[in-house]
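Below you'll find the structure, written out as structure tokens, and then a few comments.
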Amino acid sequence: MPTVEEMPDEATRTLRTRQPFLWLNPARRPAADALPGMLPDAAAIEAASARWQRFAPLLMALFPETVATGGIIESGLLAVPALQQALTGQSAEGKWFVKADHALPIAGSVKARGGIHEVLEFAEKLALEHGPIDLSSDYAALAAPPARQLFARYTIAVGSTGNLGMSIGVMASALGFRAQVHMSAEAKEWKKQRLRRHGVEVIEHAGDYGAAVEAGRRAAQADACSYFVDDERSLSLFLGYAVAALRLAEQLRQAAVAVGPQAPLFVYLPCGVGGAPSGIAFGLKQVFGDHVHCFFAEPTASPCVLAQMSQPGRPGITVYDLGLDNRTAADGLAVARASELAVRVMTPLLSGIFTLDDDALFRNLYLLHENEGIRIEPSAAAAISGPQMLLHTPAGQQYLKENGLEQAMANAVHLLWTTGGLFVPDEDYLGFLARGRALP
Ligand SMILES: *Cc1c(COP(=O)(O)O)cnc(C)c1O
């Protein structure tokens, strides 16, 4: 009998060639069919949203940059007409927006949503158990000595390519926890330095992201007062990300942007292990059902979620198994094996995944700067190829046709989720721009 190796499916064959392409998810079902009975559910997102509200006074006290938004960590919804014009010319249909998570305070990336939420959830559990607060307290009390002495007895640990570590490390340390971040090889030096400045212990590993997670998991298991944030499985991270959907729905309402049968919403999300984009996409499906179409973006060198979703019969498949090297300038997306939770939840909900190479990332990063003056990191630039992959590939055309969307495209909303960039040092950013500018 032939093995899977000898009989790769079409997606696997294309992944091996490293050619960028758009994969359509054959397992997607109508939202009304897929969502009922699924766990987590909409109530879990509401609970996470309520937790953010309870913590708002504390966040204002600890991070003055959140005072303007009442202690809520949220990003803007920005129209990007000049970018749209530059990439589509006169044929421009629909409306393009950037969801500006590159500017999220405290963490400077989408990880502010999931990572900070999980730290707050753990802190809340401890504080409720040991008494400094109850659910109706003003949580600003958690900045006072009794709570800080409690938190100081615990270590919060995480494995990261950089950005998750920045969100967890900075928040854990601000609350008074000991914070430990296990960094993979591609983590940037400036991210390590920023963490150390915040009092975080940075442990460097020569291996990839999976190895850093494994090392962190093991170290935490050996210590009863250590809490490990597990990016490959965490529900708390996932729900922190999902709250973004409720906030976005409100922003669209305020901007008078309708979403419905005649106005489909297309959302393009950079994807690493899959936690952030799947949490956000899950929330969006809860809010907008079949009127939202979610696509993930992965580097051609690290398409771990695409590899897993296109081969459900090979649980735990890595990009190395496909002969890929997981080496990309998109450090936030350099992940070899997908999150189980992300794959499980996305299997009936996700529209598709596209891949792109590093040149496309730098080109996108440069174009966003030239046309809109927006500064992002290479990982975040993955989203910008989304509309072209949908509108100008045979697979994208097929998707529009099969879903009866062709007539509605004039009113379509395309949302590019720019997931990081705020704290990139000038020197690094100028290098990114120069590389993008030099491309043909
Ligand atoms: C982490 C990250 C992502 C993807 O999130 P995952 O949960 O790893 O899929 C995307 N962009 C940036 C900038 C990130 O840091």
The size of the Cβ-based charge dipole (Lys, Arg +1; Asp, Glu -1) of the chain about the Cα centre, to the nearest 20 debye, is 400
Taking the dipole of the range 111-232 about the Cα centre (Lys, Arg +1; Asp, Glu -1; charges at Cβ), the one of Leu126, Ala211, His198 that reaches farthest to the positive side is His198
Binned at 5 Å from zero, the C-alpha pair distances of the range 111-232 give percents of 2, 13, 23, 24, 18, 11, 6, 3, 1, 0
About its Cα centre, the range 111-232 carries a charge dipole, from +1 on Lys and Arg Cβ atoms and -1 on Asp and Glu Cβ atoms, whose size in debye to the nearest 20 is 480
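Okay, helix-only estimate at 222 nm for the chain: each DSSP H run of n ≥ 4 adds -39500 (n - 2.57), divide by all residues, round to 500 deg cm²/dmol; what do you get? All intermediate terms of the calculation are to be shown ahead of the outcome.
Details: 17 runs with 193 residues, N = 440.
That comes out to -13500 deg cm²/dmol.
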Its Cα gyration tensor gives the range 352-440 an equivalent ellipsoid whose semi-axes in whole Å, largest first, are 29, 13, 11
Rounded to whole angstroms and listed largest first, the alpha-carbon spread of the range 307-352 along its three principal axes comes to 30, 21, 17
When the charge dipole of the range 111-232 is computed with +1 on Lys and Arg Cβ and -1 on Asp and Glu Cβ about the Cα centre, the Cα farthest towards its positive end, among Thr155, Ala224, Ala174, belongs to Ala174
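Which net charge results for the neighbourhood of Tyr209, defined as the other residues with beta-carbon distances under 9 angstrom from its beta-carbon, given Lys and Arg at +1 and Asp and Glu at -1? Spell out each step's value before the answer.
Working: positive: Arg337; negative: Glu186, Asp208, Asp231.
Net charge in that neighbourhood comes out at -2.
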Unit-weight point scatterers at every alpha-carbon of the range 1-83, Debye formula, q = 0.13, 0.25 1/Å: log10 I(q)/I(0) is -0.86, -1.11
Expressed as a percent, the portion of alpha-carbon pairs in the range 194-257 spaced more than 16 Å apart is 66
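Report, in debye and to the nearest 20, how large the dipole of the range 1-150 comes out about its Cα centre when Lys and Arg carry +1 and Asp and Glu carry -1 on their Cβ.
On the way: 13 positive and 17 negative charges, 76 e Å.
Result for the range 1-150 is approximately 360 debye, rounded to the nearest 20.
Taking Cα pairs under 8 Å and at least six residues apart, what relative contact order does the chain come out at, in percent? If you can, show how the numbers build up before the last one.
Numbers: 886 pairs, mean separation 94.9, N = 440.
So the answer I get is 22 percent.
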For Lys188, counting only lysines whose alpha-carbon sits under 25 Å away and dropping same-chain residues fewer than eight positions off, the answer is Lys99, Lys111
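Quote the relative contact order of the range 5-121 in percent (integer), defining contacts as alpha-carbon pairs under 8 Å separated by 6+ residues.
Details: 75 pairs, mean separation 20.0, N = 117.
Taking the mean separation of contacting Cα pairs over the length of the range 5-121, I get 17 percent.
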Cα convex hull volume per residue for the chain, in Å³, equals 146
Hull surface over four for the Cα convex hull of the range 234-276, reported in nm², is 3.7
At R0 = 35 Å the Cβ-Cβ FRET efficiency linking Glu201 and Leu39, nearest 0.05, sits at 0.50
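Throughout, read-outs are computed from the coordinates displayed, never taken from laboratory work. What you are looking at is a predicted structure, and each value in this text was computed from that prediction instead of being measured. For neighbour counting, all protein chains shown are included, and Cβ atoms are generated from backbone atoms with ideal geometry for every residue, glycine included.
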